[in-house]
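Data first, discussion second: the structure below is written as structure tokens.
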Amino acid sequence: MAETVAAAPPAVELERNYLLQNYARLPIVLTKGKGSHVWDAEGNRYLDLISGIGVNALGHAHPRIVKVIRDQAARLIHSSNLYYHEFQGPLAQRLCEASGLQRAFFANSGTEAMELAMKMIHSHGRRTSPEKYEIVALENSFHGRSMGALSLTGQPKYRAPFEPVVPGVKFVPAGDVAALEAAVGPNTAGIVLEWIQGEGGVCPVEPGFTARAKQLAEEHDALLVFDEIQCGLGRTGRWFAYQLADPPLLPDVMVTAKPLAAGLPLGAVLMNERAAASIGPGMHGTTFGGGALACRVALEAMAIVEELLPEIERLGEHFRQELRNLTLKHHMIREVRGYGLMIGIELDRPGRQIVLDAMAAGALINCTHDSVIRLLPPYIITEAEIAKAIKILDKVFKKAAGPAA
Ligand code: PLP
């Protein structure tokens, strides 16, 4: 598939003329979705294996979500945080029960939720000393693109054009316990990590490394923060990826977002009481965050995810096994990895053309970190749809390898 829209429809032309040109969009205009599929303006159907980068975990137009949106939109969409509404409290309770943490704050996106986590780290540290504001984060991480979240993101390509970002962040390679031990000290106020680095190439972080991070955070009175924006809320077959460890390795602060409100913008910061003590009245807030519509939809979305949870691990393992079978045929595949329905296929070459070819063959996939095909299929995906995905990927890898010698 070529990278230009054949006959650019008005939506594309208008974007070219009026939009900030910061996105390298793929050349289709999506107009509707149902279940695991989406359709473009020309009526082509695609199997959606990326789910809006993990947001549409319940697929598209889920009847229970549509019903709740319709009902709540006609009652109360937004009321601001000046007043109570019926749904923030129950959603906070639901998230606390699912995560094992004690308090919640609602934001509008993953990045915005990360900002609060970072403010909590700074405020927590400064209660001890004005010098205690250092944060240890991981190389290859991704935490968002605001000046704060960017400063935690261990990928120079994102940070470089905007330096100086927030100072005091040290990066260590994921899994390097000696580097972690050398980086953490009395001025460390927080340690931030993803259990599975998503944007960084679907790379799980060693549980032993994370356990050491927890010990060090405790020794130095720092907050341990897990970014579960991509790997959380059922994606791995657990509510949160840190529950893959047995016993679960609880952080002080956990940030979640993407699928929380089934496509409506909503992020959440979950925390224990020690972390919550860092933020007093008036120290943080938002106009939009935690609106009535988004929170009610999130409650329904969590109820649906809970029903799907037992199947996610099995479906993910089945999908990975089918992909591993493809590695026998396609030597360009270096590794298949991930947990649940968070899957990375590392290639020996850039993946952009493979993404375009998959699209032409009827599947939406994504390439991250240049050479890792990332699949974040909806939790409602069926075995028949996985079989279809495998068929398309087989065809696309075959094309990429070129004619047999
Ligand atoms: N953290 C992680 C692990 C992410 O994957 C992302 C987005 O991809 C973010 C933070 C930023 O979230 P958002 O795009 O909702 O602001």
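The values are calculated or read from the model by the stated rules, or taken from the named source; none is laboratory data. Predicted model only: the values in this text are computed from it and were never measured. All Cβ positions, glycine included, derive from the backbone under ideal geometry; neighbour counts span all protein chains shown. Side chains are part of the model used for accessible areas, which takes the heavy atoms of the whole protein and leaves out ligands, DNA and RNA. Shrake-Rupley method; radii C 1.70, N 1.55, O 1.52, S 1.80 Å.
Classify the range 250-316: rounded, prolate or oblate, from the alpha-carbon gyration tensor (a ≥ b ≥ c, eigenvalue square roots; a/c under 1.5 rounded; otherwise prolate if a/b is larger than b/c)?
oblate
Mark the label point 7 Å from the Cα of residue 61 along Cα→Cβ and return the residues of the range 374-390 whose backbone N is within less than 19 Å of it.
378-382, 385
Around residue 191, which amide H atoms from residues at least 5 apart in sequence, or from another chain, sit under 5 Å from its own amide H, with H modelled in the peptide plane?
Answer set, sorted by chain and number: 136, 223, 224, 225.
Compute the Cα gyration tensor for the range 148-248, then decide on rounded, prolate or oblate, letting a ≥ b ≥ c be the square roots of its eigenvalues: rounded whenever a/c is under 1.5, prolate when a/b is larger than b/c in the other cases, and oblate in all that remain.
Since a/c reaches 1.5 but b/c is at least a/b, the shape of the range 148-248 is classed as oblate.
Pull up the DSSP beta bridges for the chain and report the antiparallel fraction as a percent, rounded to 5.
DSSP beta bridges in the chain are roughly 65 percent antiparallel.
Taking the chain as the reference, fit the longest principal axis to its C-alpha atoms, fit the long axis of helix 63-73 to the helix C-alpha atoms, and give the angle between the two in degrees, 0 to 90, nearest 10.
Roughly 50 degrees, rounded to the nearest 10.
Any chance you could give the angle, 0 to 90 degrees and rounded to 10, that helix 88-99 forms with the longest Cα principal axis of the chain?
80
Quick check: the distance between the Cα centres of the range 187-244 and the range 53-98, to the nearest angstrom?
Using only Cα atoms, the two centres lie 26 Å from each other.
Could you tell me the center-to-center distance, by alpha carbons, between the range 258-291 and the range 379-405 in angstrom?
40
Give 34/67; 32/67; 329/395; 32/399; 170/214 a once-over and call out the pairs whose C-alpha atoms are over 19 Å from each other.
Exceeds cut-off: 32/399.
I need the peptides 125-137, 234-246 ranked by packing, meaning the mean over residues of other C-beta atoms within 10 angstrom, with the highest value on top.
Per-residue mean Cβ counts within 10 Å order the peptides as 234-246, 125-137.
Once the Cα atoms of helix 207-219 and of the chain are each reduced to a long axis, what angle between those two axes, in degrees from 0 to 90 to the nearest 10, is obtained?
Here the helix axis deviates by roughly 20 degrees.
How many nm is it between the label spots at residue 131 and residue 390, if each spot is 7 Å from the Cα in line with the beta carbon?
Label at residue 131, label at residue 390, 5.9 nm between them.
Residues of the chain: accessible area per residue at 1.4 Å, in Å²?
44
Taking springs between alpha-carbon atoms closer than 10 angstrom, which of 390, 373, 345 fluctuates most in the Gaussian network model of the chain?
390
Rounded, prolate or oblate for the range 22-177? Axes are the square roots of the Cα gyration tensor eigenvalues, ordered a ≥ b ≥ c, and the cut-off for rounded is a/c under 1.5.
Oblate.
Ignoring ligands, DNA and RNA, what percent of the accessible area of the chain is carbon or sulfur (1.4 Å)?
Of all accessible area on the chain, carbon and sulfur atoms account for 56 percent.
Take the Cβ-Cβ distance between residue 71 and residue 24 as r, set R0 to 56 Å, and report the resulting FRET efficiency rounded to the nearest 0.05.
0.90
Would you calculate, for the chain, the mean residue ellipticity at 222 nm contributed by helices, counting each DSSP H stretch of 4 or more residues as -39,500 (n - 2.57) and dividing by all residues, to the nearest 500?
Theoretical 222 nm ellipticity from helices: -11500 deg cm²/dmol.
Kirkwood Rh, Cα Rg: Rg to Rh for the chain?
0.97
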